[in-house]
1. Only one residue in Ile210, Ile214 is over 22 Å from Ile94 (Cα atoms), modelled with pLDDT of 95 or more, touching a helix residue (DSSP H, G or I) at 6+ places or on another chain (Cβ under 8 Å) and open to solvent by less than 50 Å² (accessible area, probe 1.4 Å), so which one is that?
2. Against the conditions (1) crowded, with 16+ Cβ neighbours inside 10 Å; (2) more than 21 Å from Ala63 (Cβ to Cβ); (3) within 16 Å of the ligand (Cβ to nearest atom), where does Ile182 fall short? Just the number, please.
3. Any residue in segment 25-41 that's closer than 16 Å to Leu122 by Cβ: show its pairings with residues that are among the acidic types (Asp, Glu) and within 16 Å of the ligand (Cβ to nearest atom) at Cβ separation under 7 Å, as long as the two are six or more apart or on different chains.
4. Considering segment 46-66 alone, what residues qualify as being of a type outside the set (Gly, Ala, Ser) and either away from the ligand (no atom under 14 Å from the Cβ) or touching a residue at least 24 places away in the same chain (Cβ under 8 Å) (or both)?
5. Does segment 113-138 hold any residues that are open to solvent by less than 40 Å² (accessible area, probe 1.4 Å) and under 20 Å from Gly16 (Cβ atoms), and which are they?
6. From the list Gly20, Gly9, which one is touching a residue at least 40 places away in the same chain (Cβ under 8 Å) and on the phi > 0 side of the Ramachandran plot?
7. State all residues of segment 37-49 that are open to solvent by 60 Å² or more (accessible area, probe 1.4 Å) and assigned to a loop (DSSP other than H, G, I, E, B); if no residue qualifies, say none.
8. (1) out of contact with any strand residue (DSSP E or B) (no Cβ under 9 Å at 6 or more places or on another chain); (2) more than 14 Å from the ligand (Cβ to nearest atom); (3) of a type in the set (A, V, I, L, M); (4) touching a residue at least 40 places away in the same chain (Cβ under 8 Å): which one isn't true of Ala110, the others all being true?
Amino acid sequence: MTTLFDLSGRMAAVTGANTGIGQAIAVALAEAGADVALIGRTPAEDTAAAVRAAGRRALLVPADLSQAGIAGDVVSAVLAGLGGLDILVNNAGIIRRADSVDFTEADWDAVMDTNLKSLFFLCQAAGRHMLARDDAPRGKIINIASLLSFQGGIRVPSYTAAKHGVAGLTKILANEWAGRGINVNAIAPGYIATNNTEALRADPARNDAILARIPQGRWGRPQDIAGAAVFLSSPASDYIDGHVLTVDGGWMAR
Ligand code: NAP
């Protein structure tokens, strides 16, 4: 590991790390040298084992991120368990699919609460801790956005609204905190094979249409996102702020 990408001695927290993209990011951060808190509603035992196998500490922090008012307690639990927090990855997210004409208020609220509201208040709680330090290396916050931070998509109105919101929050927080020692950036994954996209991959017509548009011609793997997360967590990205980095096999270029 070169110094540019070395996370030795850093303490990270990843939400939704029991599976999918969050799991791949948590393990990659550990392999780059970070201790990792795994925040989520399903205990991330397998991820914790992989973090420990990489020689780093893993901390399980139980939290249902759809609940209001818990961000401060979640960050306090990370600080108490790891002894610090240098890197926050807001990855947890859900999706609800229905035609906009039929979309329910319950599906609107569920997605907005988990994907946007909780993300903002976790940024705020972590930011309060990071801003209060004057001796540490820069804090890093990475929000997981989406291609639907740029595009409209179909049948996912609350998800598109939330992910556009994630891009906007990433920029406003970068504007406020870039000069105060915190880099805030986002990753916009393309089409990645996880639970989140199971319904799309099970629909032959949608699956073929999606693959036909991806220049690499394949679905992404969770591990495809991990390198970007290590980069945005490391000193290699110290002069990058408010950026939404697509990792999409070329989708946005087409
Ligand atoms: P996933 O496999 O469904 O994982 C989602 C994670 O979020 C799980 O760990 C899940 O925990 C957690 N989560 C959901 N609701 C939660 C809650 N209320 N409290 C705590 N944790 C909660 O999906 P993924 O594809 O890896 O998605 C990760 C992120 O990437 C999401 O923000 C998603 O929008 C984004 N993304 C994915 C794709 C893609 O193609 N897959 C593309 C663009 C963006 P449980 O297992 O307990 O539900």
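The values are calculated or read from the model by the stated rules, or taken from the named source; none is laboratory data. Being a predicted model, the structure only gives us computed values, none of them experimental. A quick note on method: Cβ atoms are made from the backbone with ideal geometry, for glycine too, and the neighbour counts reach across all protein chains shown. Heavy atoms of the whole protein, side chains included, go into the accessibility calculation; ligands, DNA and RNA do not. Shrake-Rupley method; radii C 1.70, N 1.55, O 1.52, S 1.80 Å.
1. The match here is Ile214.
2. (3) is the only condition that Ile182 fails.
3. Short answer, once both residue conditions are applied: Arg41/Asp64.
4. Asp46, Thr47, Val51, Arg52, Arg56, Arg57, Leu59, Val61, Leu65
5. Listed by number, the residues that qualify are Thr114, Asn115, Leu116, Ser118, Leu119, Leu122, Cys123, Ala125, Ala126, Gly127.
6. Of Gly20, Gly9, the one residue that is touching a residue at least 40 places away in the same chain (Cβ under 8 Å) and on the phi > 0 side of the Ramachandran plot is Gly20.
7. Those that are open to solvent by 60 Å² or more (accessible area, probe 1.4 Å) and assigned to a loop (DSSP other than H, G, I, E, B): Arg41, Thr42, Pro43.
8. All conditions pass for Ala110, except number (2).
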